[in-house]
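The values are calculated or read from the model by the stated rules, or taken from the named source; none is laboratory data. As the structure is a prediction and not an experimental result, all values here were calculated from the model. With ideal geometry, Cβ positions are generated from the backbone for all residues, glycine too; neighbour counts draw on all protein chains shown.
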Amino acid sequence: MNTPTESGVAPRQETLRAWLLSDTPTSRKQAKLAALYRAWLSFRSNPMAMLGLIILMLLVGTAAFAPLLATHDPFAQDLAKRLSAPGVNGYILGSDTLGRDILSRLIYGARITLYIVTLVALLAPIVGLLVGTLAGYMGGWTNLILMRITDIFLAFPRLILALAFVSALGAGIENAVLAIVLTAWPPYARIARAETLTIRNSDFISAVKLQGAGAMRIITRHIWPLCISSLVIRVTLDMAGIILTAAGLGFLGLGAQPPSPEWGAMISAGRKFILDHWWVATMPGLAIFAVSLAFNLLGDGLRDVLDPKSKS
Amino acid sequence: MPSFPPFILASFRIVLSILVTMIGLLFVTFFIGRVMPIDPVLSVVGESASLETYNAAYKALGLDQPLFVQFFYFLVDVARGDFGVSLLTARPVSQDLIRVFPATVELATVGTVIGVVLGVPLGVIAAVKRDSWIDQIARVVALVGYSMPVFWIGLIGLLIFYGILGWIGGPGRLDIFYVDMIPSVTGMILVDSLIAGDMSIFWNAVSHIALPAGLLAYYSLAYISRMTRSFMLEQLSQEYITTARVKGLSEHAVVWRHALGNVKVPLVTVIALSYASLLEGSVLTETIFSWPGIGLYITTALLSADMSAVLGGTIVVGLVFVCLNILADLLYKYFDPRAQ
């Protein structure tokens, strides 16, 4: 005899699965959910991509629960215990030159990393989307001018341009974000324009036009939604690069300012002691490496799921 | 314009687009240097200057002129190779740049050469033996290369190979007692020491360049092997490959002569692009290894708010970057028989 809960739950899961995998969806919602579920199944079968996802979920969790996870105050100095080796004096990953706990600083630093990445990942594709769809849909002079500007920004080496921007704007986390956005949008504009060009002449756009829709409505309601998926793939693949650029700016002292526990700046602080106190610079570097590796794995997985033709 | 043959029109179009890109590039740097700082005059005269000094500097900088006139003067200066005077070295920025540029070229060239020599065969083998262990290794190598902060792995490399093992020379281009022992001809110490015939300096320079160049080589290897692999996979699935095999050609000839022969064209572009990105990547690498090239010059200038040095460096790296991109384009057209 089954207990009521067992008999109640098991079949319902089975039917939910069957409902999601049904070949004949009965509503738009079901079809959409089914597509999502299939994508998830295909994504889940890729162990490397799952590993990436898990690392990133850990990162988000770490950032969210930083006060609970941190063993020390990330800003509290204890000069008597400065430069303790990992495991000594109760510092799991050691302490830095001012006697601050490196692990706690890494945990709080996760917030800064997420903050930078989120802002850039939101802003840069939006700028690219605006420029690209406008150029692609309007054509003519608008296209020519916008695409020239895109080419000029593409021609610039990214890090150098970001360096110059930050040095003019002044060091700081917001300016670093701004500089990265200013150097990161051109590829998105290219992608959005290419998508727009293929969509622009399709029958459904002509149909919407015949119904009297203006350019604004067509771009925002009919072209933008179709550009999103290729932009999302590209953003995920670019995330690692964004993290490395942000960390590089931090390392050069142009990103988050001390005493902020930004990972790149922490490496820079440990640089002077690398030969005698290796852990100060090593630990934050491992954190950066893990997160950008995770984004690369996730991006590859997403690309395989969402864009089957680019499978190599 | 019907009398112009098409290739003249085409090259005119190319020249025009290069010019527009270059001017755009200069405009961006001009914008960064003259427009974005809150007050460019204060950065020249300092906070405590009198009103007269301030006004004089304002005029001297040409800030009373309309923006496009200022931009025109800026273009004229750049065309004359005048990037202003560095606050840090008190010398013209252009002279500084000429002095530091060979060091960067030396580093990026050695890096690219190693990257190509190892990366191309790795990519080819990974494509031929798809999904074998060597393909997996190539994949991991590329993945790690895309994910690792270069300034961090440079420090770790210094710690292990210099600090612990003592296999290589430390930061800088030479040990201190070798510095300035040989005449500077090309500015590249590896070449200069060979010209002077001084092998002890040559080997000392090798021990210093090994790690930074090896790191840059790793990054270019990651990129080049990845691209080679996907180009090769595309070629190996073509029908002419089947034909070549049916004809009874050895597998070696099919892969390395027929398939790789066709991959060469896009590969040239990839190599040029990777060279350009190494010039850029050198900013952080040079900082770590105290390598006195253009990257270190820019970052040192940054920290002392030496704006004309930063912008001069930015312009030069930007122009070299653009030129390499164009060169890659032209090489592609030159090597691709269909384009002729």
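A compact table of results
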| read-out | value |
| --- | --- |
| Answer from A:Ala269, A:Ala294, A:Ala265 - the residue that is closer than 16 Å to B:Ile288 by Cα, in contact (Cβ under 8 Å) with a residue 24 or more places away in the chain and either more than 8 Å from chain B (Cβ to nearest Cβ) or not in a helix (DSSP H, G or I) (or both) | A:Ala269 |
| The stretch A:131-145, residues that are within 22 Å of B:Ile32 (Cβ to Cβ) and either within 21 Å of the chain's Cα centre (by Cα) or away from chain B (no Cβ under 12 Å) (or both) | A:Val131 |
| Matching residues in the stretch B:98-113 - criterion: being of a type in the set (S, T, N, Q) and surrounded by fewer than 23 Cβ atoms within 10 Å (Cβ to Cβ) | B:Thr109 |
| Single unsatisfied condition, B:Leu267 versus (1) hydrophobic (A, V, I, L, M, F, W, C); (2) modelled with pLDDT of 85 or more; (3) within 9 Å of the chain's Cα centre (by Cα) | (3) |
| Candidate set from the stretch A:146-174 (those that are touching a residue at least 60 places away in the same chain (Cβ under 8 Å) and of a type outside the set (Gly, Ala, Ser)); member that is farthest from the other protein chains (Cβ to nearest Cβ) | A:Ile173 |
| Matching entry among B:Ser207, B:Ser184, B:Ser220 (being within 30 Å of A:Met239 (Cα to Cα) and away from chain A (no Cβ under 14 Å)) | B:Ser220 |
| Subset of the stretch B:281-315 that is crowded, with 24+ Cβ neighbours inside 10 Å and under 26 Å from B:Ile14 (Cα atoms) - its residue that is nearest to the other protein chains (Cβ to nearest Cβ) | B:Thr314 |
| Helices (runs of 4 or more DSSP H) wholly inside the stretch B:118-212 containing at least 3 residues that are surrounded by fewer than 19 Cβ atoms within 10 Å (Cβ to Cβ) and modelled with pLDDT of 80 or more | B:133-147, B:189-196 |
| Pick from the stretch A:81-127, criterion more than 27 Å from the chain's Cα centre (by Cα) and under 19 Å from A:Gln257 (Cβ atoms), ranking: surrounded by the most Cβ atoms within 10 Å (Cβ to Cβ) | A:Asp96 |
| Every pair of residues 6+ apart whose Cβ atoms lie under 7 Å, when the first sits in the stretch B:273-296 and is on the phi > 0 side of the Ramachandran plot and touching a residue at least 40 places away in the same chain (Cβ under 8 Å) while the second is in a helix (DSSP H, G or I) and not basic (Lys, Arg) | B:Ser290/B:Leu296 |
| Pair list, Cβ under 6 Å, 6 or more apart: the stretch A:106-134 residue in a helix (DSSP H, G or I), other residue among the hydroxyl-bearing types (Ser, Thr, Tyr) | A:Ile107/A:Thr62; A:Ala110/A:Thr62; A:Pro125/A:Tyr188; A:Gly128/A:Tyr188; A:Thr133/A:Thr196 |
| Answer residue from the stretch B:125-142, given it is facing chain A (nearest Cβ under 10 Å) and touching a helix residue (DSSP H, G or I) at 6+ places or on another chain (Cβ under 6 Å) and is nearest to A:Gly248 (Cα to Cα) among those | B:Ala142 |
| Filter result for B:Val255 (in a helix (DSSP H, G or I) and under 23 Å from the mean Cα position of the chain (by Cα)) | no |
| Candidate set: the stretch A:272-291, residues that are more than 7 Å from every other protein chain (Cβ to nearest Cβ) and aliphatic (A, V, I, L, M); chosen: the one nearest to the chain's Cα centre (by Cα) | A:Val291 |
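Matching residues to (1) buried (at least 18 other Cβ atoms within 10 Å of the Cβ); (2) at pLDDT 90 or above; (3) charged (D, E, K, R); (4) farther than 30 Å from A:Leu69 by Cα:
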{"position": "A:Leu130", "(1), (2), (3), (4)": "no, yes, no, yes"}
{"position": "A:Ala135", "(1), (2), (3), (4)": "yes, yes, no, yes"}
{"position": "A:Leu146", "(1), (2), (3), (4)": "yes, yes, no, yes"}
{"position": "A:Leu163", "(1), (2), (3), (4)": "yes, no, no, yes"}
{"position": "A:Gly172", "(1), (2), (3), (4)": "no, no, no, no"}
{"position": "A:Ala192", "(1), (2), (3), (4)": "yes, yes, no, yes"}
{"position": "A:Asn201", "(1), (2), (3), (4)": "no, no, no, yes"}
